[in-house]
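Q: Here it is: the structure, laid out below.
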Amino acid sequence: MSTAASQNVEKTAKRSRKAAGIPIKNIVEAALLSAGKPLDIDRLLELFDDTERPTKQHLRTILDEISLDCDDKGFELVKVASGYRFQVKQAFSPWVSKLWEERPQRYSRALLETLALIAYRQPITRGDIEDIRGVAVSSNIIKTLLERSWVRVVGHKDVPGKPALYGTTKHFLDYFNLQGLDQLPQLSEIRDLEAISFEIEQLNHSEDEPVSDSEIENNFEIDSDSEATVAPDSIELSDSDDSLVH
């Protein structure tokens, strides 16, 4: 065996011996605390060498144990669309929020209604949103949603002008602690479009009139027992898988 090969074997052996004294559970906790973003099962498995890598089932069991350990703590382990992450429990928000001097950004009623319509009706064009709301959609609203990575262009409608079709992203799901669009509340359970953004900090009150329950249901073409469905318009979707996550 060559000198280089021997050194690689020795390095691997040292890492394995070092990791042998550290529980996998602690390694996973350290990774989740350090990542600053959600980590999925596959990404967590990549942290381990072949000789020490747990099975997916074992790793899921460890994540369940970590979640239980958080029951009496001020933070929790949450599974969102992009994976697992630690976050402060909402009950502690009044105290933790004082760590930041800057006031939380507030969003207008018009922006929240636009976001809700994209979430439920996607893929949807700006013109379709304007038809449902009955007012023009400001370019600043679309720009803000795109900059926050809550929505993205997923394709173009196959009509003259080929208007952009908008859909939500994994970042949108992560922000609202959702694993998929099927976890959105049914429209029949929502009395106001603001309810879809209940995780957002205190909202601005604009002069726009809210869309009524009956108007929502008429435009979304749903019954009281079903969720909104995507319109069967002819569309051209992009190849990216970062949107329309179910």
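Any read-out appearing in this document is the output of simple, stated calculations on the displayed coordinates, not a laboratory observation. Since this is a predicted model, take the numbers as computed values, not measurements. For neighbour counting, all protein chains shown are included, and Cβ atoms are generated from backbone atoms with ideal geometry for every residue, glycine included.
Q: Provide 171, 58 in ascending order of the number of other Cβ atoms located within 10 Å of each residue's Cβ, fewest first.
A: Ordered from fewest to most neighbouring Cβ atoms within 10 Å, 171, 58 come out as 58, 171.
Q: Starting from the Cα of residue 50, step 7 Å along the direction of its Cβ; do the same at residue 73; then give the gap between the two resulting points in nm.
A: 3.3
Q: Neighbouring Cβ atoms within 10 Å as the yardstick, rank 106, 152 fewest first.
A: 106, 152
Q: Something else now. Could you list 55, 169 in order of exposure, starting from the residue whose Cβ has the fewest other Cβ atoms within 10 Å?
A: Ranking 55, 169 by Cβ neighbours within 10 Å, fewest first, gives 55, 169.
Q: Find how much the distance from residue 92 to residue 158 grows on full extension, using 0.36 nm per residue of separation minus their present alpha carbon separation; answer in nm with one decimal.
A: Answer, rounded to one decimal: 18.9 nm.
Q: Considering the dipole of segment 46-93 built from charges on the beta carbon (Lys and Arg +1, Asp and Glu -1) around the Cα centre, which of 86, 63, 48 is farthest to its positive end?
A: The residue sitting farthest along the positive end of the dipole is 86.
Q: Once fully extended, how much extra length lies between residue 26 and residue 146, figured as 0.36 nm per residue of separation less the alpha-carbon to alpha-carbon distance?
A: 39.5 nm
Q: Rounded if a/c is under 1.5, else prolate if a/b beats b/c, else oblate: with a ≥ b ≥ c from the C-alpha gyration tensor eigenvalues square-rooted, which is segment 60-115?
A: Oblate is the answer for segment 60-115, as a/c is 1.5 or above yet b/c matches or exceeds a/b.
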